[in-house]
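What follows is a single structure, written as C-alpha cells, with notes after it.
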Amino acid sequence: MKKIFLILTYLTVFFNSILFSEEREKILKIGLLAPLSGEFKDLGNSLLYSLQMALEEINDENVFVIPRDTGFEDKEKLNIAIQEIRSEGANIIIGPITNKYFNEIKKYNDTIFISPSNINPEFTNNIISVGISLESQLIAILKFLKRQKKTKTVIMYPKNNYSDLIEKKLKKLNLDEMRKFSYNPNPETLTGEIEILTNYSQRKKNLELRKKIFEDKEDEQSIKQLEKLNQLYTLGEVNFDSVIIIDFGNNLKSVLTSLVYTDVNSDKVLFTTVNQWFDESIFYENTIKNLYYPSINYREFKKYNDNFFKKYKIYPNEITILTYDAMGLIYYAWKKNGRINSVNDFNFKNKIKGKIGTFRFYERKVNQELEIYKTDKNKFIKF
C-alpha cells in the first residue's frame with residue numbers, strides 16, 4: 001500500500017511538472033536591462049516606452065516585460081538586475097545596451113541576451129547583437145559603389161580607440177587590400193593630412209604653372225583660357241573616384257570640409273559615409289553635397305518617431321527602435337518555435353522584416369539589408 005502511495009505521489013508530481021512546463025511555454029517573459037535611474041534615465045525610460053509600444057502592437061496577453069534598472073555601466077547593478085529577471089522566470093533579456101559587459105553576462109549561459117549594440121553581427125555564446133553593424137553598412141556601400149562603377153575607392157577612418165576594430169572588420173570582409181587612409185581627427189592636423197591624400201600642393205602648383213603660360217599673351221584665346229583658369233583652385237584630378245568615411249558628427253563634417261577645401265569635386269568623386277541616423281544637422285552644413293550613406297527604412301523610422309512623440313510627448317533616442325524590433329524578433333521566434341531555449345532558435349531561413357528594415361539571421365550571424373540615402377534640398381532621398 002505504501003509503495004502504491006509513493007508511485008501515485010511520484011506520478012502526480014511528474015504530471016504536474018509537465019503541465020507547469022507546458023504552461024510556462026504558453027507565457028513569454030522578456031527582461032529589459034536599462035538605465036532607469038541616474039544620468040541616463042531618460043534613455044532608459046525611452047527604451048521601456050518602446051517595448052510598451054511593441055507590446056501594444058503584438059497584443060498578446062501572454063507576453064510580459066520585466067524591466068530592471070542597471071544604472072549606466074554599473075557592473076553590480078547589472079548582475080543584480082539579471083538575477084532578479086531570472087528569478088521571475090525569464091530566460092531571454094533585451095540588453096545590455098552597450099558591449100562593455102558582454103564578457104560578464106556570458107556566465108549566465110542559460111539566458112539569452114538580445115543587445116542593441118552593433119559591435120559584432122555574429123552570435124557570441126548567449127548574446128545576439130541586433131545593432132546596425134559596420135559590416136552590414138559596408139556591404140551596402142560597396143554594392144552601391146559597384147552599381148555606380150566606382151573602382152578607385154579610399155576607405156577613410158580616424159585614428160582613435162576604434163581604429164583596430166575597424167581594421168579587423170575590413171579584414172574580415174576581405175577589404176584589407178583596399179586603399180585605406182587613417183587621419184588625426186584634430187581639425188588643426190586633419191586638413192594637412194587631407195592635402196597629402198589629395199596631392200593638393202602639386203595640383204595647386206600645376207594651376208600656377210598653367211596660368212603663367214597665358215599671363216603675358218594678349219590674343220583672345222589666351223585671355224579666355226586665363227579667365228577659365230582663374231576660376232579654378234587646382235589643376236589635375238585626384239587619384240580616387242570615391243571615398244567611404246567611417247566617422248560621425250563634427251568629425252565627419254571636418255573631413256568633408258577638408259576634402260572640399262582641397263578641391264575634391266563631389267560631382268566626380270562619390271562621397272559616402274556610414275549610417276548617420278538621418279541627422280538633420282547635415283542639411284545646414286554647406287560643404288556637404290551629394291553625400292550618400294546606408295541606413296534603415298526612413299519612412300518607418302519617421303513613422304515610429306512620430307507615433308512615439310504622439311504617445312509620450314518626447315522624441316525617442318535612435319537606439320529605441322532597435323529594442324522595439326528586438327521585441328518583435330523575440331515574439332516571432334517564440335511563436336515559430338513554440339519556445340526559446342538558445343540563440344540557435346534565432347536561425348531563420350527566411351528574412352525578417354522589422355521597423356528598421358529587413359534582417360537576415362543565418363549561420364549564427366545577423367545581417368541588415370540597408371537602403372542608400374542622399375541628402376538633397378533638406379530632404380533624405382532614397383537612392
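If we scan the stretch 269-278, do we find a residue that is over 16 Å from the mean Cα position of the chain (by Cα) and surrounded by fewer than 16 Cβ atoms within 10 Å (Cβ to Cβ)?
So far as the stretch 269-278 goes, no, none of its residues is over 16 Å from the mean Cα position of the chain (by Cα) and surrounded by fewer than 16 Cβ atoms within 10 Å (Cβ to Cβ).
Inspect the stretch 173-184 for any residue being farther than 27 Å from Thr257 by Cα, in the same structural domain as Pro158 (by TED's automatic domain parsing) and in contact (Cβ under 8 Å) with a residue 12 or more places away in the chain and give the result as yes or no.
yes
Only one of Phe308, Phe283, Phe278 is modelled with pLDDT of 90 or more and not acidic (Asp, Glu). Can you tell me which?
Result of the check over Phe308, Phe283, Phe278: Phe308.
Taking the stretch 171-194 as the search range and keeping residues that are in a helix (DSSP H, G or I) and among the basic types (Lys, Arg), which one is surrounded by the most Cβ atoms within 10 Å (Cβ to Cβ)?
Across the stretch 171-194, the extreme among qualifying residues is Lys172.
Going by the conditions given, is Phe144 in contact with a Leu (Cβ under 9 Å, 6 or more places away or on another chain), part of a helix (DSSP H, G or I), modelled with pLDDT of 90 or more and among the aromatic types (Phe, Trp, Tyr)?
yes
Being more than 24 Å from Ser117 (Cβ to Cβ), touching a helix residue (DSSP H, G or I) at 6+ places or on another chain (Cβ under 8 Å) and not acidic (Asp, Glu) narrows it down to one residue among Lys349, Lys311, Lys374, Lys335; which is it?
Result of the check over Lys349, Lys311, Lys374, Lys335: Lys311.
Which one is farthest from the chain's Cα centre (by Cα) among residues in the stretch 144-170 that are surrounded by fewer than 17 Cβ atoms within 10 Å (Cβ to Cβ) and within 19 Å of Lys365 (Cα to Cα)?
Step by step, filter the stretch 144-170, then rank; the result is Lys168.
Among (1) outside the structural domain of Val269 (by TED's automatic domain parsing); (2) crowded, with 20+ Cβ neighbours inside 10 Å; (3) under 18 Å from the mean Cα position of the chain (by Cα), where does Ile141 come up short?
Failing condition for Ile141: (1).
This table checks each residue for (1) surrounded by 14 or more Cβ atoms within 10 Å (Cβ to Cβ); (2) small (Gly, Ala, Ser); (3) part of a helix (DSSP H, G or I).
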| position | (1), (2), (3) |
| --- | --- |
| Tyr324 | yes, no, yes |
| Leu329 | yes, no, yes |
| Tyr332 | yes, no, yes |
| Ile340 | yes, no, no |
| Asp345 | yes, no, yes |
| Asn350 | no, no, no |
| Phe359 | yes, no, no |
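Tell me, yes or no, whether the stretch 206-221 has at least one residue that is modelled with pLDDT of 90 or more and either surrounded by 14 or more Cβ atoms within 10 Å (Cβ to Cβ) or in contact with a Pro (Cβ under 9 Å, 6 or more places away or on another chain) (or both).
Yes, the conditions are met somewhere in the stretch 206-221.
For residues that are without any contact (Cβ under 8 Å) to a residue 12 or more places away in the chain and not β-branched (Val, Ile, Thr), scanning just the stretch 342-359, find the one that is nearest to Ser129 (Cα to Cα).
Of everything passing the filter in the stretch 342-359, Lys353 is nearest to Ser129 (Cα to Cα).
The values are calculated or read from the model by the stated rules, or taken from the named source; none is laboratory data. Just so you know, these numbers come straight off a predicted model, no measurement behind them. Reconstructed Cβ throughout: ideal geometry from the backbone, glycine too, with neighbour counts over all protein chains shown.
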